[in-house]
1. Report the gain in length on full extension from Trp42 to Asp98: 0.36 nm times residue separation, minus Cα-Cα distance, nm rounded to one decimal.
2. Rounded to the nearest 0.05, what FRET efficiency do Ile112 and Asp22 have when you use their Cβ-Cβ distance and R0 = 35 Å?
3. Under a Cβ-Cβ cut-off of 14 Å, what is the net charge of the residues other than Phe72 that fall near it, where Lys and Arg count +1 and Asp and Glu count -1?
Amino acid sequence: MESLKNWMTDSANILFDDSKNDLRSLPKSVRLQILLVLSFVWTTVFSLYIFSYTTFVFGWAGLYVAHIGLIFAVYMTFKQFHKAETKSNSVFVTKNFDPFKIMVIVFVIVFIFVFSKGIEVLTKTNSYSIPYDGPAKSVFEKWLPFSKVK
């Protein structure tokens, strides 16, 4: 388990640690621009391979936005964990049970539960035993009592 943690840390360091990656001599804005251009290129290649002509634009846009979000999320997460590793102790050592931290954990657990239930609902078929044949009255029949023509 420890080797997996070290591998993940080393992999993240390659991209996001300023002193260890090959782009360390470039300004941060240029490094971010390179990551965004790479996500643009790989999104375009994947979209051309996977999507049809009719769904290409929406699929490409969704993937590109997802790549940008992923880059920022991984960067911010790595930076927060790196800061926490250098300056903080475990909450169990310091006995600092902050209510905000507890609520965040509860929110994450509830979010995972709701998300998994949502996927379960989306993958199930309709479970109703009585088929729906449409409304009992048409739109015209519903409007007729409120009109002058009777």
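1. On the way: separation 56, 0.36 × 56 = 20.16 nm, distance 4.17 nm.
Length difference between fully extended and current span is 16.0 nm.
2. On the way: r = 36 Å, r/R0 = 1.04.
So the FRET efficiency works out to roughly 0.45.
3. On the way: positive: Lys28, Arg31, Lys79; negative: none.
Once positives and negatives cancel, what remains is +3.
None of the figures in this text is laboratory data; all of them are computed from the coordinates on show. Quick caveat, the model's predicted, so the values are computed rather than measured. All Cβ positions, even for glycine, are placed from backbone atoms using ideal geometry, and neighbour counts span all protein chains on display.
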